[in-house]
Structure formats: structure tokens, C-alpha cells
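The values are calculated or read from the model by the stated rules, or taken from the named source; none is laboratory data. Quantities reported herein were computed from a predicted structural model and do not represent experimental measurements. FYI the Cβ positions are ideal-geometry reconstructions off the backbone, even for glycines, and counts take in every protein chain you see. Heads up: the accessible areas ignore ligands, DNA and RNA and are worked out on the full protein's heavy atoms, side chains in. Shrake-Rupley method; radii C 1.70, N 1.55, O 1.52, S 1.80 Å.
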Amino acid sequence: MEKRSIKALVLKAFNTYPAIGELELPALNEGMAEIEVKAVALNRRDFYITQGLYPGVEFPVVLGSDVSGIYNDKEVILNPNINWGANEAVQSDAYHILGMPSWGGMAQYVQVAKDRIYPKPAHLTLEEASALPLAGLTAFRAIKTKGNCKAGEKVLINGIGGGVATFAFQFALAMGAEVYVTSGSDEKLNKALQMGAKGTANYKAENWHKQLAKDSGGFDLIIDSAGGKGFANLAKLCRPAARVVFYGGTRGKIEGLSPQILFWRQVTVMGTTMGSDKDFEDMLAFVNSHKIKPVIDSVLDWKESNQAFEILKASSQMGKVVLRVGE
Ligand SMILES: NC(=O)c1ccc[n+]([C@@H]2O[C@H](COP(=O)([O-])OP(=O)(O)OC[C@H]3O[C@@H](n4cnc5c(N)ncnc54)[C@H](OP(=O)(O)O)[C@@H]3O)[C@@H](O)[C@H]2O)c1
């Protein structure tokens with residue numbers, strides 16, 4: 001395919017949001033395919049990139065790691081991993097994520113290697129399916145590959161409003177765990193109770209962890225993406241031999257963590273990021289067999305993308321924010 005002009009949400013500078021403009025798509029290289037994008041979901045990463053919080057950004061850039069669309073007349077989703085490599089334990093040095101530096105899905109068309117294309121789960125609409133790849137992959141590796149979540153275990157998901165956290169919650173429930181959640185919003189806690197949470201705590205309340213420890217009896221597995229001062233309280237909620245898996249640092253450096261709690265309770269703390277291609281395939285199989293539907297906060301037209309970025313900025317969402325890509 002020759003190079004040609006398409007419409008895309010183009011980011012041209014930091015501290016601005018992308019705006020619809022024309023871009024020239026390069027000629028298609030050997031082994032690559034062009035997907036007609038139908039929907040793209042936002043991740044915190046997209047917002048952080050607009051704020052200059054990621055290294056190596058070259059303008060203009062097209063963001064968007066979470067894509068659903070049409071390829072060869074079939075509905076598909078994309079694996080956002082590029083060059084994970086052969087080691088299941090850790091990504092290679094050449095690893096990166098679709099949507100910076102390589103142009104992502106906030107465009108009418110996106111070019112990816114053919115082996116990044118997977119059939120859309122049949123029980124999901126194109127909009128629902130776009131919400132799945134990045135957050136679903138990160139959550140699945142955190143909960144299953146690293147966390148080894150088992151039926152009957154007590155699991156805590158910290159900050160349920162996050163896109164990854166909501167998937168981790170759904171996966172843990174489907175695995176038969178007793179799942180508790182925290183949030184800074186009582187409204188989100190009520191939604192989680194309706195979805196099957198066993199108990200909740202608002203992390204903005206004083207001594208919230210003490211009440212949660214009483215209510216739950218402590219946790220076998222804790223999933224976190226906040227870090228910061230609150231992380232020390234998560235350690236206090238660990239049962240003997242608990243695992244703590246974290247994939248983000250929204251609240252910055254971990255402070256006040258007591259080594260004594262960790263070693264005396266034989267706690268294992270694990271970092272994780274994204275997931276291997278095997279994790280992606282295992283996650284898709286799990287989502288298909290349990291008919292899991294992503295929690296969607298809002299679906300907007302891509303002409304309203306500023307509003308979508310503002311939702312992320314305010315962290316008011318419960319689940320994923322999706323853009324419908326069109327003319
Ligand atoms: N390593 C990876 O592969 C990977 C992948 C995806 C994301 N991440 C990182 O993980 C983090 C979350 O990303 P996301 O896209 O899932 O989230 P998101 O949709 O942007 O939501 C962030 C959530 O963080 C929660 N939060 C904020 N302050 C908190 C606190 N003090 N204690 C507990 N929770 C708190 C909030 O939950 P409530 O609204 O319920 O309070 C909020 O909804 C980001 O830092 C992101 O960069 C990493």
C-alpha cells in the first residue's frame with residue numbers, strides 16, 4: 001500500500017491535548033498490516049504522555065495503545081506489545097508499547113505487525129473490545145501470572161476506579177477469590193459492591209486500613225498501582241505469606257514501609273509491567289471463557305477527545321474511557 005493521507009488525533013506539543021488533523025501514513029512495510037480503527041480506549045499512559053511525563057516523545061505523535069477495528073473484513077483487536085522477546089520473566093530492551101514511539105490507534109488507520117492482530121472476542125462490541133488489551137493484559141499478569149490468585153483467597157484491589165484495577169477485580173472474582181476493594185470515592189465503592197465485592201474501604205478515611213483489617217482478617221494477595229504513603233498500610237493488611245503485586249506509582253515514592261512487617265510475615269512484593277504475548281493470549285482465552293465485559297465509564301466521539309482526557313485528568317472514571325473513531 002502506498003503512503004496516503006489520513007485523519008488522526010495528532011499530539012504536537014506537551015501540555016496540550018491531541019487534535020484532529022491530517023497525517024501521512026507511510027507505505028506499508030513487509031509483514032505489516034493496516035487496520036481500520038473503529039474504537040480506541042484511553043490509558044493513564046496517554047494522559048501522562050501529553051503532560052511530558054514519558055521520555056523519548058517525538059512530535060507529531062499519534063497516541064492510543066488500545067485498538068479495535070476491521071482487518072480483512074473481520075473485527076479484530078490488537079496486542080499492544082511490541083518486541084516483548086523470548087523471556088517470559090521480563091521484557092526485552094527493544095520492548096515498547098503501541099502508541100508512542102510507534103503511532104497508535106487514535107487515527108482512522110493504524111499500521112502494526114500482522115502477528116499483533118487477534119480476533120475480537122465475540123461477546124464484546126467493538127467499543128467494549130477496545131477497552132481490553134493494555135489494561136486487561138496488565139491486570140491478568142498481575143493477578144494470575146505474578147499473583148497466582150486462587151479460589152477462596154482473600155484479595156484486595158487498591159483504587160478500584162483505575163482501568164487496570166477494574167479488570168483485576170473482575171478476573172479475581174471469576175477465579176473464585178473473595179475480593180475487597182478500596183477507592184477514594186464512595187460512589188465507586190457502591191458500584192464495586194453491586195459487581196460482587198465482599199467489602200470496601202475509602203482510603204481517604206482516617207485509619208481505613210484498621211477497619212478493613214477487622215472486616216476482612218487480612219489478605220493473601222494485594223494489587224496496587226498507587227504506591228506513595230498508602231503502600232505502608234497495604235503491608236499492614238498482609239496475612240502471613242501474602243503476595244503484593246504493583247504495576248504503577250500514581251502517588252509517587254513509597255514512604256514509611258516497615259521492613260519488619262514484610263520479613264516477619266514472609267511477604268513477597270512483586271513489580272510487574274504489561275505482560276508477555278503468552279500472557280496476552282491467556283488473558284484473551286480467560287475473557288472469552290468467562291464472558292468478561294470490560295467496565296466502560298464513557299464512550300465519546302473522537303471529536304470530543306478533550307473531554308476524554310479531562311476525565312482521566314480528574315480521575316473521575318470507573319473503568320475505561322473509549323473514543324469512537326470516525327470521519
Ligand atoms: N506497568 C504497567 O504496565 C502499567 C499499565 C497500566 C497502567 N499503569 C500505571 O498504573 C496506574 C493506574 O493506571 P490505570 O490506567 O489503570 O488507572 P486510571 O484509570 O488512570 O486510574 C487511576 C486510579 O488510581 C487510583 N488512586 C489514586 N490515588 C490513589 C491512592 N492514594 N490509593 C489508591 N488508589 C489510588 C484511583 O482510584 P479511585 O478512583 O478508585 O480512588 C484512580 O481511579 C498509573 O500510574 C499507570 O501509569 C502501569
I'd like the full set of residues that are at pLDDT below 95 and either out of contact with any strand residue (DSSP E or B) (no Cβ under 6 Å at 6 or more places or on another chain) or crowded, with 24+ Cβ neighbours inside 10 Å (or both), limited to segment 150-171.
Gly162, Gly163
Looking for whichever is open to solvent by less than 30 Å² (accessible area, probe 1.4 Å), closer than 28 Å to Ser68 by Cα and within 19 Å of the chain's Cα centre (by Cα) here; the options are Ala139, Ala174, Ala107. Which one fits?
Ala139
Here are some conditions: (1) in contact with a strand residue (DSSP E or B) (Cβ under 7 Å, 6 or more places away or on another chain); (2) at pLDDT 95 or above; (3) assigned to a loop (DSSP other than H, G, I, E, B). Ala142 meets all but one. Which one does it not meet?
(3)
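Restricting to segment 292-314, name every residue that is surrounded by fewer than 16 Cβ atoms within 10 Å (Cβ to Cβ) and touching a helix residue (DSSP H, G or I) at 6+ places or on another chain (Cβ under 9 Å).
Correct list: Lys313 only.
Could you please give the count of residues in segment 11-50 that are under 26 Å from Thr250 (Cβ atoms) and not in a loop (DSSP other than H, G, I, E, B)?
So in segment 11-50, the residues under 26 Å from Thr250 (Cβ atoms) come out as 11, 13-18, 39-50.
Going one step further and asking which of them are not in a loop (DSSP other than H, G, I, E, B), we end up with 11, 39-41, 44-50.
Final tally of qualifying residues: 11.
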Across segment 282-309, what is the total count of residues that are touching a residue at least 60 places away in the same chain (Cβ under 8 Å) and assigned to a helix (DSSP H, G or I)?
13
Can you tell me which of (1) in contact (Cβ under 8 Å) with a residue 60 or more places away in the chain; (2) in a loop (DSSP other than H, G, I, E, B); (3) closer than 18 Å to Gly196 by Cβ; (4) more than 8 Å from the ligand (Cβ to nearest atom) is the one Ala151 doesn't meet?
(1)
Can you confirm whether segment 207-216 contains a residue that is outside any helix (DSSP H, G or I), open to solvent by 10 Å² or more (accessible area, probe 1.4 Å) and at pLDDT 95 or above?
no
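Let's see how each residue does on (1) within 23 Å of Ile292 (Cβ to Cβ); (2) assigned to a helix (DSSP H, G or I):
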site	(1), (2)
Ser102	no, no
Gly105	yes, no
Val110	no, no
Asp115	no, yes
Thr138	yes, yes
Going by what's in this entry, would Phe286 be described as on the phi < 0 side of the Ramachandran plot, open to solvent by less than 60 Å² (accessible area, probe 1.4 Å) and more than 15 Å from the ligand (Cβ to nearest atom)?
yes
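Just to check your reading of the model, which residue among Gln266, Gln260 is part of a loop (DSSP other than H, G, I, E, B) and either among the charged types (D, E, K, R) or over 23 Å from Ala174 (Cβ atoms) (or both)?
Gln266
Yes/no matrix, rows are residues, columns are (1) closer than 24 Å to Asp115 by Cα; (2) touching a Cys at 6+ places or on another chain (Cβ under 9 Å); (3) open to solvent by 20 Å² or more (accessible area, probe 1.4 Å):
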{"residue": "Leu9", "(1), (2), (3)": "no, no, no"}
{"residue": "Tyr17", "(1), (2), (3)": "no, no, yes"}
{"residue": "Ala27", "(1), (2), (3)": "yes, no, yes"}
{"residue": "Met32", "(1), (2), (3)": "yes, no, yes"}
{"residue": "Val37", "(1), (2), (3)": "yes, no, no"}
{"residue": "Ala41", "(1), (2), (3)": "yes, no, no"}
{"residue": "Asp46", "(1), (2), (3)": "yes, no, no"}
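Among Leu53, Leu63, which is the only one that is assigned to a loop (DSSP other than H, G, I, E, B), of a type in the set (A, V, I, L, M, F, W, C) and open to solvent by less than 10 Å² (accessible area, probe 1.4 Å)?
From the options Leu53, Leu63, the qualifying one is Leu63.
Name the residue that is farthest from the ligand (Cβ to nearest atom), counting only residues in segment 155-166 that are in contact with a helix residue (DSSP H, G or I) (Cβ under 6 Å, 6 or more places away or on another chain) and more than 19 Å from Pro80 (Cα to Cα).
Checking each candidate, the answer is Val155.
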Within segment 240-255, is there a residue that is of a type in the set (Val, Ile, Thr), at pLDDT 95 or above and not in a strand (DSSP E or B)?
yes
Under the condition of being open to solvent by less than 50 Å² (accessible area, probe 1.4 Å) and on the phi > 0 side of the Ramachandran plot, which residue from segment 218-264 is farthest from the ligand (Cβ to nearest atom)?
Gly218
Restricting segment 171-192 to residues that are out of contact with any helix residue (DSSP H, G or I) (no Cβ under 8 Å at 6 or more places or on another chain) and assigned to a helix (DSSP H, G or I), the residue that is nearest to the ligand (Cβ to nearest atom):
Lys188
